[in-house]
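The values are calculated or read from the model by the stated rules, or taken from the named source; none is laboratory data. What you are looking at is a predicted structure, and each value in this text was computed from that prediction instead of being measured. Note that each Cβ is placed from the backbone with ideal geometry, even for glycine, and that neighbours are counted across all protein chains shown. Keep in mind that these areas ignore ligands, DNA and RNA; they rest on the heavy atoms of the full protein, side chains included. Shrake-Rupley method; radii C 1.70, N 1.55, O 1.52, S 1.80 Å.
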Amino acid sequence: MHVVPGLKVLYFGTPVVLISSRNPDGSANLAPMSSAWWLGQTAVLGLGNTSQTTENLRRYGECVLNLVPSGLVAEVDRIALTTGAPQVPPRKLTQGYRHVADKFAEAGLTGQPSDLVRPPRVAECPIQLECRVTAAHPIGTPDPWGTAFHVDVLRTHVEQDLLIPGTAYVDPHRWDPLIMKFCDFFGGGTNVHPSRLATGWKMPVADIARG
């Protein structure tokens, strides 16, 4: 039987991406997000308008999408409730966010130079996509609260072990992306780590023993 619960969150399951971008002072920002999808050589990114990443993408028009394997869940979670914005927006303050200037250091991750854009790549991520912003569309009416960015992928970097030998295709049996479903982290179909974001958003905890 179907019911009409009025779902508060529609994060049914998307890959976690660490977006690296450039701050106005030239430093690197790093932000986890899970509202991303791809079509051809284009990605669409959904970001809130109070995000430092949103400001950076509007200002400089470039970023790196670092696709996260499930094994990096702890590193991602360390910066889940942080922001690169010096002034933390009130709504984020109530959710437990705090300002962190160097998120690479906070997460324990390593920056490495990109080839075609200024923001660095995340060395620990086995798939990295250098991108340029081509369009931005407001989300929400009458007062937009977010932005959908279209970015073109300029160059991909992939760990050789992930490729099907002799091809330019990723082996889906070797690639285990970190997935966020309803603010919880999953890898290989298993809940792999508690989520600070779920705590900050006051998400209810399911009874996993019901199965």
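Here are the numbers for this structure:
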read-out	value
Value of [θ]222 nm, deg cm²/dmol, for the chain, DSSP H segments ≥ 4, -39500 (n - 2.57) each, nearest 500	-3000 deg cm²/dmol
Charge dipole (debye, nearest 20) of segment 96-186; +1 at Cβ of Lys and Arg, -1 at Cβ of Asp and Glu	200 debye
Neighbourhood charge, 12 Å Cβ-Cβ cut-off, centred on residue 125 and excluding it, Lys, Arg +1 and Asp, Glu -1	-2
Under-5 Å amide H pairs with residue 62, H placed in peptide plane, nonlocal only	133
Of all accessible heavy-atom area on the chain, the percent that carbon and sulfur account for (1.4 Å)	56 percent
Residue-normalised accessible area of segment 1-153, expressed per residue, 1.4 Å probe, Å²	49 Å²
Rounded, prolate or oblate (a/c below 1.5 giving rounded, otherwise prolate when a/b exceeds b/c) for segment 94-211 by Cα gyration tensor	oblate
Net +/- balance of residues flanking residue 31 in space, Cβ distance below 15 Å, scoring K and R +1, D and E -1	+3
Test item: Cα-centred dipole of the chain, Lys/Arg +1 and Asp/Glu -1 on Cβ, debye	600 debye
DSSP bridge pairs, the chain: antiparallel proportion in percent, nearest 5	95 percent
Net +/- balance of residues flanking residue 70 in space, Cβ distance below 14 Å, scoring K and R +1, D and E -1	-3
Chain lengthening between residue 4 and residue 137 when straightened (0.36 nm per residue, less Cα-Cα)	44.9 nm
